[in-house]
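Okay, so here's the structure we're looking at.
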Amino acid sequence: MAYGSVSPLIWVLTDDRPGNTTQALGVAEALGLPFSEKKVEYDSLAVLPNILRGATMVGVSSQSRSVLLGPPWPDLVIAAGRRLAPVSRWIRRVAHKPVRLVHLMNPGRVRAGAFDLIAVPRHDGALPGGEWDNVLRVTGAPHRFSRITREVEAEAWRNTLSGLPRPYIALLVGGATRHRPFPADYAGDLGRRVAEMARSAGGSVLLATSRRTGADAERALDAAIPEPRSAYFWSRGGENPYFGFLALADAVVVTGDSVSMCSEACATPGPVYIDAPAKLTAEKHRILHSELYSMDYARPFIDSKLAMWTHPPLNAAVEIAAAIIHLLKTPIAVS
């Protein structure tokens, strides 16, 4: 079975992990086909390893089972992250029709044919089941900052920022991770260095913090970056200009603690600088940074001198979407 002029029924499974949701929706949007988002909620059994959950709904709340996941069944399921892998496999098992399964990130220990396509960043290392023919390795994480998004967000924020001198230096700040803190003194030093870059270039800082930054680090950034600037602090609320800042930035400085933020920064065509002190940076993040440096998407933020260069916008969602289109054109053997 293949799909020609008739659009396949597509489900995108999402959950409470914003980073995973962004990846799955980014790929679905890059397909350019209609899709339905199915938000899955979990119960306490979701912590079980996938080798125990198998192709079942173990770990999924009763509400998700009864309301979201039922016929008419899809032709294609896109999901991201370990906890949704059993749900995708369950859908295929109960659908009584051919269902293509596309999984983003490591799905855990599964057999080679459990999914039709597994898209995994190169920096994530080896899969526990092996590197099969259906594994697509990509650079960075797929995301939703497409060319169209960039144009829409630029138009939405242009007037708001029009009073600030250019070049615009966007500073995108992550924060603490499970194993590494995000000290306020580091945040203050980073803010001063980016402010100096903007000052020496005659431009402005566009600062956006995240939910992981923390109030102490935000206060340090606030004190370190003088006018002219536009600053958004997550803890203080308000409309988040993150995509608008990305869309209008002449250069981007991003902290290296987030794969998604580094990938989205590299979706802009201009200079991207990654600030990643060794003691604050996980090994897999260092591998990603090295890959981005080798492909000239980004450079390390060593000093406060602004160098200008261009590169093609990076979005693994486009590459994954192309592989899915090829998959949908390939007939399914019906037994």
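A short reminder: the numbers here are calculations on the coordinates, not readings from a lab. Since the model is a prediction, treat every value here as computed from it, not as a measurement. Positions of Cβ are backbone-derived with ideal geometry, glycine not excepted, and every protein chain shown enters the neighbour counts.
Assorted remarks:
- Computed over region 147-314, the P(r) curve from all C-alpha pair distances, binned at 5 Å from the origin, holds 2, 9, 20, 23, 23, 16, 7, 1, 0 percent per bin.
- D by Stokes-Einstein for region 218-263, Kirkwood Rh over Cα pairs, 4 °C, 1.567 mPa s: 106 µm²/s.
- Three-way shape label, region 237-283, alpha-carbon gyration tensor, a/c 1.5: oblate
- Mean projected area of the convex hull spanned by the Cα atoms of the chain, taken over all viewing directions: 17.7 nm².
- Stokes-Einstein, applied to the Kirkwood radius of region 28-110 over Cα pairs at a viscosity of 0.692 mPa s and 37 °C, places its translational diffusion at 249 µm² s⁻¹.
- Annotated for the chain: lysine pairs at least 8 residues apart or interchain, Cα distance under 27 Å, count 5.
- Rounded to the nearest 20, the Cβ-based charge dipole of the chain about its Cα centre (Lys and Arg +1, Asp and Glu -1) stands at 840 debye.
- For region 110-208, trypsin sites (Lys or Arg not before Pro) are listed when DSSP marks them as loop and at most 11 other Cβ atoms sit within 10 Å of their Cβ; the list is Arg111, Arg178.
- Over region 147-314, relative contact order from alpha-carbon pairs under 8 Å, at least 6 apart, %: 25
- Across the chain, the longest piece that holds none of the GluC sites (Glu not before Pro) lying in DSSP loops with up to 12 other C-beta atoms within 10 Å covers 1-130.
- Top positive-direction residue, dipole computed over the chain with Cβ charges, set Ala79, Pro121, Tyr242: Ala79
- Amide H contacts under 5 Å for Leu206, placed H, 5+ residues apart: Ile169, Ala170, Leu171, Ser230
- FRET efficiency, 1/(1 + (r/R0)^6) with R0 25 Å, evaluated for Arg236 and Glu155 via beta carbons: 0.50
- For region 80-228: rounded, prolate or oblate by the Cα gyration tensor [a/c cutoff 1.5]: prolate
- Listed from fewest to most Cβ neighbours within 10 Å, the set Val254, Val6, Val152 follows the order Val6, Val152, Val254.
- Max mean-square fluctuation residue, GNM over the chain, Cα-Cα springs under 10 Å, options Pro49, Pro121, Pro71: Pro71
- Exposed loop sites, defined as chymotrypsin sites (Phe, Trp or Tyr not before Pro) outside DSSP H, G, I, E and B with at most 16 other Cβ atoms within 10 Å, are absent from the longest region of the chain, namely 133-308.
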